[in-house]
Amino acid sequence: MFWIIGAKLAEPEPREGALRVEGHLITGKTSRVPYGVKWQEAHGLTIVPAFIDAHVHLSVAGDMTLVSRTELRRGVAGVLDLGEPERLLPVDPRPLRARYAGPLMTAPGGYPTQSWGKDGYGLELTTAAEARAAVARLAEKQARFVKLAFDSRFPLLQPEVARAAADEAHRLGLMVAAHALDAASVRLALDAGADVLAHTPRDELPADLLARMKGKWVISTLWAFGVSPDRLRALREAGARVAYGTDLGNEHTKVGIDARELALLVAAGVDPLLAATRDAAELLGFKELGRLSVGSTASLLAVRSLQPQDLADPVWVMNCGKLVA
Ligand SMILES: [Zn+2]
């Protein structure tokens with residue numbers, strides 16, 4: 001048992017406080033640390049929950065084991081992997097915590113089978129029965145999400161096939177994420193029953209689509225796609241929930257927390273810390289991550305300030321009560 005002392009706790013506004021850690025858990029919080037205890041030094045720093053990246057492709061970014069370890073060392077404790085071939089399931093990059101979707105469900109010849117997803121990252125579906133069987137198979141491999149791909153440069157999933165996949169996912173308790181960057185694709189995704197947009201769409205969405213996003217989720221990925229923060233602001237104002245995600249594995253992304261994505265969230269009027277901790281944890285269903293609460297896992301970062309550059313460059317990283325070297 002030890003205390004983290006001398007720091008401010010971001011809850012999310014920084015205030016003076018100390019945390020008691022026992023085993024892998026936060027077990028106490030106080031403004032006055034008892035005398036003579038063991039402690040972890042954090043003077044002048046701010047403690048934030050470890051980050052969660054809600055859009056990654058671990059095996060595209062590199063060797064999955066190495067990428068996962070580097071994520072953890074740089075402050076990312078949990079990820080949502082939104083595209084892996086079925087042969088790599090279940091995705092288990094422990095000690096990095098992961099949720100995953102498996103391959104992108106798409107039409108024969110659909111996105112991404114003609115580009116980066118040639119080698120099993122896309123799963124081609126022709127009939128509703130095939131779609132239901134595929135979802136059941138992925139659920140058996142512990143996928144907690146399915147991902148539908150809509151990109152009109154390529155053949156598109158038939159509406160009844162997309163709908164069958166989403167219905168089966170919901171029936172089995174999985175969430176439905178969609179790759180949909182333009183307004184027509186977003187409409188197809190919502191018609192199918194998507195709960196989550198895997199990217200902030202590039203297009204300005206018409207009012208009826210914005211209205212339909214109320215209470216649904218959008219994963220930011222603004223940097224990877226060069227999308228204007230105004231698009232995310234509009235979704236947020238329409239009542240969509242926002243989670244931080246980088247699309248790690250895509251070009252121009254890097255392993256670890258991305259200050260550029262955090263800065264774009266700020267520009268969109270979104271609190272980057274909440275989007276990458278509490279809110280992302282809620283989307284992924286990680287009840288024990290994302291908060292500095294008693295009972296939460298002691299997966300924490302000590303940072304110099306809550307500015308994007310400092311959030312992305314922690315002074316130290318703790319995972320499950322242990323400093324990560
Ligand atoms: Zn992606």
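The values are calculated or read from the model by the stated rules, or taken from the named source; none is laboratory data. This one's a predicted model, so the numbers in the text were calculated from it and none came from an experiment. All Cβ positions, even for glycine, are placed from backbone atoms using ideal geometry, and neighbour counts span all protein chains on display.
Determine whether the stretch 292-306 contains at least one residue that is in the same structural domain as Leu190 (by TED's automatic domain parsing), over 17 Å from Lys8 (Cβ atoms), over 15 Å from the mean Cα position of the chain (by Cα) and outside any loop (DSSP other than H, G, I, E, B).
no
Pairs, please: C-beta under 7 Å, at least 6 apart or cross-chain, first residue in the same structural domain as Leu66 (by TED's automatic domain parsing) and surrounded by fewer than 21 Cβ atoms within 10 Å (Cβ to Cβ) and in the stretch 82-93, second at pLDDT 95 or above and of a type in the set (Lys, Arg)?
Here the result reads Leu89/Lys141; Pro90/Lys141, each pair linking the stretch 82-93 to a residue that is at pLDDT 95 or above and of a type in the set (Lys, Arg).
Which members of the stretch 256-284 meet the condition of being in contact with a strand residue (DSSP E or B) (Cβ under 7 Å, 6 or more places away or on another chain), small (Gly, Ala, Ser) and surrounded by fewer than 24 Cβ atoms within 10 Å (Cβ to Cβ)?
Gly256
All but one of (1) within 16 Å of the ligand (Cβ to nearest atom); (2) over 23 Å from Gln158 (Cα atoms) hold for Thr113; state the number of the condition that does not hold.
(2)
Looking at the stretch 313-325 only, could you name the residues that are of a type outside the set (Asp, Glu), surrounded by fewer than 22 Cβ atoms within 10 Å (Cβ to Cβ) and not in a strand (DSSP E or B)?
Val315, Cys320, Gly321, Val324, Ala325
Considering only the stretch 175-236, give the helices (runs of 4 or more DSSP H) lying wholly within it that have at least 1 residues that are within 16 Å of the ligand (Cβ to nearest atom), surrounded by fewer than 19 Cβ atoms within 10 Å (Cβ to Cβ) and of a type outside the set (S, T, N, Q).
In the stretch 175-236, the matching helices (runs of 4 or more DSSP H) lie at 222-225.
Here's a check for you: in the stretch 245-257, which residue that is closer than 13 Å to Leu222 by Cβ, assigned to a loop (DSSP other than H, G, I, E, B) and touching a residue at least 60 places away in the same chain (Cβ under 8 Å) is nearest to the ligand (Cβ to nearest atom)?
Among residues in the stretch 245-257 that are closer than 13 Å to Leu222 by Cβ, assigned to a loop (DSSP other than H, G, I, E, B) and touching a residue at least 60 places away in the same chain (Cβ under 8 Å), the one nearest to the ligand (Cβ to nearest atom) is Asp247.
Evaluate the stretch 48-66: report whether one residue or more is more than 25 Å from Asp195 (Cβ to Cβ) and either touching a Lys or Arg at 6+ places or on another chain (Cβ under 8 Å) or of a type in the set (S, T, N, Q) (or both).
Checked the stretch 48-66: at least one residue is more than 25 Å from Asp195 (Cβ to Cβ) and either touching a Lys or Arg at 6+ places or on another chain (Cβ under 8 Å) or of a type in the set (S, T, N, Q) (or both).
Check Val48, Val76 and return the single one that is away from the ligand (no atom under 16 Å from the Cβ), buried (at least 23 other Cβ atoms within 10 Å of the Cβ), within 26 Å of the chain's Cα centre (by Cα) and closer than 17 Å to Trp316 by Cα.
Val48
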